[in-house]
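*Asks:* One structure is given below, represented as structure tokens, and several questions about it will come after.
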Amino acid sequence: VNTGTAGTQNAVLTAMPKATETSLNTKVGTPRVAQLSLVPEGDVMKIGEKRRYAIQLSSDVSLSLALLALRFDPKVVKVHGLTAGSILPSTGETAALFTPLVDGTAGTCIVSISSLNGKASFKGTGPLIFIDIEAIAEGNASLMFVKQTLMGTDGRDVKSEVIQGTATVK
């Protein structure tokens, strides 16, 4: 910059700035993937039996939001409740907001897990959600993930890899 005798008041650019390499592509680097699976897989229940299933999370990415939707056959199983898994922070300011919704007649479970300002991020491997189920008739319970959205603490989406499980009532 040539300032001349007037100081910086009438500055004139005399040379182009040095070029730098930049990218607007935020998807560069290692893939951001989290795995969700139903545990136990391929389980067989008897009518009247109650079981606790877990939705297992395996993620190296710190997550601050998870929205999950599961379907089940309400003629075969009854969902008694959804509770937060042990992988979620559960005390004080770091507690995640866990909001479950079960529609027993439609056969859907919707769960929202969120943390404010990333204070309650969760990652690693462990139970994300527990599902308490009762077998009420013979058939396939059809426990399936139908929609899942995961978001990292940096506000970027995380791809979810889903391993569907099955539960049969005999």
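Nothing in this text is a laboratory measurement; each read-out follows from the coordinates by a stated rule. Treat the numbers as computed from the prediction; the structure is a model and nothing was measured. All Cβ positions, glycine included, derive from the backbone under ideal geometry; neighbour counts span all protein chains shown.
*Asks:* For segment 41-170, compute the number of Lys pairs whose alpha carbons are separated by less than 16 Å, excluding pairs fewer than 8 positions apart on the same chain.
*Replies:* Lysine pairs satisfying the spacing and distance rule in segment 41-170 number 10.
*Asks:* Further question: Take residue 164 and residue 41, extend 7 Å from each Cα along the Cα→Cβ direction, and tell me the distance between the two endpoints in nm.
*Replies:* Placing both labels 7 Å along Cα→Cβ, they lie 1.3 nm apart.
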